[in-house]
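Just so it is clear, none of the values below were taken in a lab; they were calculated from the coordinates. Please read all numbers here as calculations on a predicted model, not as lab measurements. A quick note on method: Cβ atoms are made from the backbone with ideal geometry, for glycine too, and the neighbour counts reach across all protein chains shown.
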Amino acid sequence: MQLRKKKKRPSKPFAIMFRDSKMASAYYKLNKAQIQSLKSPGAPVLLVKKNPGTAARHISDRVSGFNNYEGIMIAYTPLHHLLFKNIDVPLVMTSGNVSEEPIASENNEAINKLGGICDYFLTNNRDIFSKYDDSVIRIIGNREASIRRARGYAPYPIKIECDAGKNPVLATGAQEKNTFCLLYSKFAIISQHLGDMDNAETVHFFKDTLENYMKIFGLPGLRMVVHDCHPGYATTDFAKSFMPSAQKLAVQHHKAHIASVIAENRLLNDMKNDFIGFAWDGTGYGDDGKIWGSEVFTVNRKLEFKRISHLAEKVLPGGEATIKNPYRMSLVYLYNFWKKVICSPADLKSADLKIDFNRYVYNEFPHYKEIIPLLEMQLVTRQIETGFNSPLTTSMGRLFDAVSSLLNLIHVSTYEGEAAVRLEMAASGTTGKQYTLCLVENNNELIIDDFHLFNQIVADIKNNIAVSIISSKFHNSLAHLILHTCRIHREKSGIDTVLLSGGVFQNHLLLTKTARILKKEGFKVYSNNKVPVNDGGISLGQAFIAAVAQDCKNKI
């Protein structure tokens, strides 16, 4: 597909546009809530399940590939309706930008940057004031759940419980999927999706958009600027230098995730007991300087957080290289299995032990012969053993990566979260079985032994259990891990309100399964809907923590 090559987008799904909801209904089984969202003024991209039994079978598999869902939208501008005037088939849509850069909004910019992608340009003398991506949502329980909040939804204010007064709080958001939040009076004004702050173009876009928002809403000077704890983030650098007179506050990434759920659901005044919050994602700078990502907290009404559980720490060999190459994370878990299960203590001392780790991997998991060169295998093994250039992590996202690679679903990610999506799509949903859980108490924290979970998956593979069943058991296990943790803390402290946030909970299977079993046992469950559960909601959480810390009910 030429568009994929030109956009350097080998597997990430494209959106599909239909003339109207009637045309879309011929391709998908849409319920009332989905049709209402498609026809709403926001006109979002809506994630819907593929339906092979309808006309949708005529849509090329190259549009969404392995994914069981497709993003659909209906025409919402006069130009779109002109396109469909003489066309009776849906159209593939993509944003007008170079990969990882903001949208090109000026004629010359578009022609210069997109000339290698587009065959034709329709220009106009009407300037585009601000760049907005399409919003992306899905329907969960007849409610819209935001995945990307942009056109049609931002900057519509979200009402919160605090009164921040007339001196706004600015929260600069996360490094990836960035948004910023301006907390003013009783409202949170959250920017559209701005993108990843790893390139200069996005940082410039961030600054321009912030300036526009300050003008549009007539906001005075800022009282406080909030940023992530990571010292190397572009948002941290910006916050420290922006408005020197403003107070600066660093807020930990996963605590911001949990606070965003409290803020948008207006839970602070309703709280009788503390909350238990699960912030599961790929990466976030921890209070100890390590890479967190499977964090469980208790939270009180002052938004004071106590870390009570997480995955066991493990190395991330090569750091960023492992995030992009899930097979490297699989090797971390396999090394532990090889050392503790394959090699007994007697074997390790034996002079005739010749089956080293590298040979074990190649022999037992032949797909890795084609994926991992011996030299890289040896390098990664050495990093696992020594910890060289290998930061410690508790990331839940990396566990998904490791399992997805072990099951031969993916080995190199072309976009963030691809390995987790492939693992979710592989689940059959036909088994209620799960793997046994192992939690160990250490310094008043419950450490989740995910090596124990992974080792059971290895055993299932050796027993020729189907990938679809293994994936289902994996998801079931994580849902029951959350339930088990909540039971423990309800018995200890009476906590019965559970908060779920972080990019891992974009996994529809995991989120709905977890919510269902928690509610069945009497827990109240909240997650993000108005803002994304991913890093797009971080800025709201940052701002809310700052406001509560400053006792904003009595005005900052």
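Quick notes on this structure:
- Within segment 1-107: Cβ-based charge dipole about Cα centre, in debye rounded to nearest 20 (Lys, Arg +1; Asp, Glu -1): 340 debye
- Dipole magnitude (debye, nearest 20) for segment 314-464, charges at Cβ of Lys, Arg, Asp, Glu: 320 debye
- Rg/Rg_globular for segment 71-173, with Rg_globular taken as 2.2 N^0.38 Å and Rg from C-alpha atoms: 1.39
- Rg and Dmax over the alpha-carbon atoms of segment 491-532 stand at 11.1, 32 Å.
- Of LYS306/LYS524; LYS113/LYS215; LYS7/LYS324; LYS248/LYS302; LYS12/LYS113, pairs whose Cα-Cα distance is over 23 Å: LYS113/LYS215
- Positive-end extreme of charge dipole, segment 314-464 - chosen from PRO391, TYR368, PHE451 (charges on Cβ): TYR368
- One equal scatterer on each Cα of segment 1-145, no solvent, Debye formula: the resulting log10 I(q)/I(0) at q = 0.14, 0.17 Å⁻¹ is -0.73, -1.08.
- The tail of the calculated P(r) for segment 483-552 beyond 19 Å holds 46 percent of all Cα-Cα pairs.
- Only helices enter the 222 nm calculation for the chain: every DSSP H run of n ≥ 4 contributes -39,500 (n - 2.57), and dividing by all residues gives -11000 deg cm²/dmol, rounded to 500.
- Contact order, relative form, for the chain: 17 percent (alpha carbon pairs under 8 Å, 6 or more residues apart, mean separation divided by residue count).
- Each of SER135, SER21 has some number of other Cβ atoms within 10 Å of its Cβ, and from fewest to most they run SER21, SER135.
- Secondary structure note: in the chain, about 60% of the DSSP beta bridges are antiparallel.
- Segment 174-215, relative contact order in percent, only Cα pairs under 8 angstrom and at least six apart counted: 34 percent
- Cα gyration tensor shape for segment 144-224, rounded if a/c is under 1.5, else prolate or oblate: oblate
- Span-rule helices in the chain, defined as complete DSSP H runs reaching 15 Å or more along the axis (Cα) with Kyte mean at least 0.0: 326-337, 374-386, 396-406, 450-462, 508-520, 538-549
- Take every Cα pair under 8 Å whose residues are at least 6 apart in sequence, average their separation, divide by the length of segment 173-250, and the relative contact order is 26 percent.
- What you get for segment 73-161, charging only the Cβ of Lys and Arg (+1) and of Asp and Glu (-1), is a dipole of about 340 debye around the Cα centre.
- Cα principal axis extents for the chain, largest first, Å: 78, 59, 45
- The alpha carbons of segment 314-464 occupy a box of 46, 37, 34 Å along the principal axes, longest dimension given first.
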